[in-house]
1. All other residues with a Cβ under 11 Å from the Cβ of Asp80 taken together, and with Lys, Arg as +1 and Asp, Glu as -1, what is their net charge?
2. Let me see the P(r) profile for region 9-241: every Cα-Cα distance counted, bins of 5 Å, each bin given as a percent of all pairs.
3. For region 224-231, just list the computed ³J(HN,Hα) in residue order, Karplus coefficients 6.51, -1.76 and 1.60, θ = phi - 60°, integers in Hz, with x standing in for Gly and Pro.
4. Working out 0.36 nm times the residue gap between Ala42 and Glu235, then minus their Cα-Cα distance, what length gain in nm do you get to one decimal?
5. For region 130-144 and region 195-245, write down the distance between their C-alpha centroids in whole Å.
6. Would you mind calculating the gained length between Asp205 and Trp161 on full extension (0.36 nm times residue separation, minus the Cα-Cα distance), in nm to one decimal?
7. Could you order the peptides 67-80, 46-59, 101-114 from most to least packed, using the average number of other C-beta atoms within 10 Å per residue?
8. Pull up all non-local amide H partners of Ile139: gap of 5 or more, or a different chain, and H-to-H distance under 5 Å with H placed in the peptide plane.
Amino acid sequence: MTNSSTRNQFLSLRSRRLAEATREFLARGKSVVRCEDCQLAAYACICQWRPTLDSRSEFILLMHRDEVLKPTNTGRLIADVLPAHTHVFCWSRTEPDGALLKLLNDPQRRCLIVFPEEANEAAANARELISDLPVDGRINTFILLDGTWKQSGRMFHLSRWLEKIPCVVLPEVDGRGYAVRKSHQDNYLSTAEAAALCLQLANEDVTAEVLRDYFELFNIHYLATRACVPPQPGELHARLARLID
């Protein structure tokens with residue numbers, strides 16, 4: 001488990017989106033001097049505590065174009081921790097990326113859409129729902145629809161090219177840990193929290209716990225950014241530091 005300065009696919013996509021943008025993205029706290037990688041305030045940067053892990057599972061981050069530029073996005077944390085196992089694409093209703101379609105059609109993969117329980121129920125008549133992952137040599141590849149809840153719902157229902165892919169039913173959890181954004185449902189999870197549950201479902205509990213720790217660190221440092229105060233390192237920082245060579 002090491003720290004790597006290699007730019008992951010999320011950072012590469014964000015660079016392309018910034019180059020394509022025709023107007024400035026005015027996020028809350030736009031005047032804050034931010035780290036180019038983690039997008040937290042320079043004094044609250046988390047990059048020195050970023051571990052790099054291996055995994056038997058892989059993730060596809062299917063992102064709304066606006067979400068790529070939001071500093072509150074947590075999908076980036078998955079790409080940080082699992083850079084060799086996270087594929088990142090902008091969503092398109094009618095023109096999905098060719099590399100994305102190649103991943104979805106790879107017979108060596110078991111592709112699964114991760115989406116809220118109510119969406120799974122609504123699609124029950126049209127999609128297979130999976131709660132247990134068989135061991136058959138295929139790579140479990142979890143597709144995370146990364147946007148606001150309204151945007152993610154639209155992505156789920158309008159992507160005809162996703163219609164034949166089953167949905168995964170995630171384990172139940174008590175509460176949610178995302179302190180940066182508010183949702184109108186207590187059981188709604190952030191993208192990073194959902195990814196940790198996917199890893200748990202795939203019996204990768206250690207990797208899931210590291211991702212949860214990194215997500216918790218992100219929350220602490222983002223709230224410090226909003227409060228304009230440097231975060232105080234504690235046991236969580238020490239625990240992550242021990243994973244880095």
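Computed from the coordinates by the stated procedures, all read-outs in this text should not be read as laboratory data. All of these numbers come straight from a predicted model, not from anything done at the bench. Note that each Cβ is placed from the backbone with ideal geometry, even for glycine, and that neighbours are counted across all protein chains shown.
1. Values: positive: Arg7, Arg50, Arg76; negative: Asp37.
My count for the surroundings of Asp80 gives +2.
2. 1, 6, 14, 19, 21, 17, 12, 7, 3, 1, 0
3. 5, 4, 5, 7, 6, 10, x, x
4. Working: separation 193, 0.36 × 193 = 69.48 nm, distance 2.12 nm.
Result: 67.4 nm gained on full extension.
5. Using only Cα atoms to place each centre, the spacing works out to 25 Å.
6. On the way: separation 44, 0.36 × 44 = 15.84 nm, distance 3.14 nm.
Additional length available on full extension: 12.7 nm.
7. Working: 67-80: 23.6, 46-59: 18.4, 101-114: 15.7.
The packing order, highest mean first, is 67-80, 46-59, 101-114.
8. Arg109, Arg110
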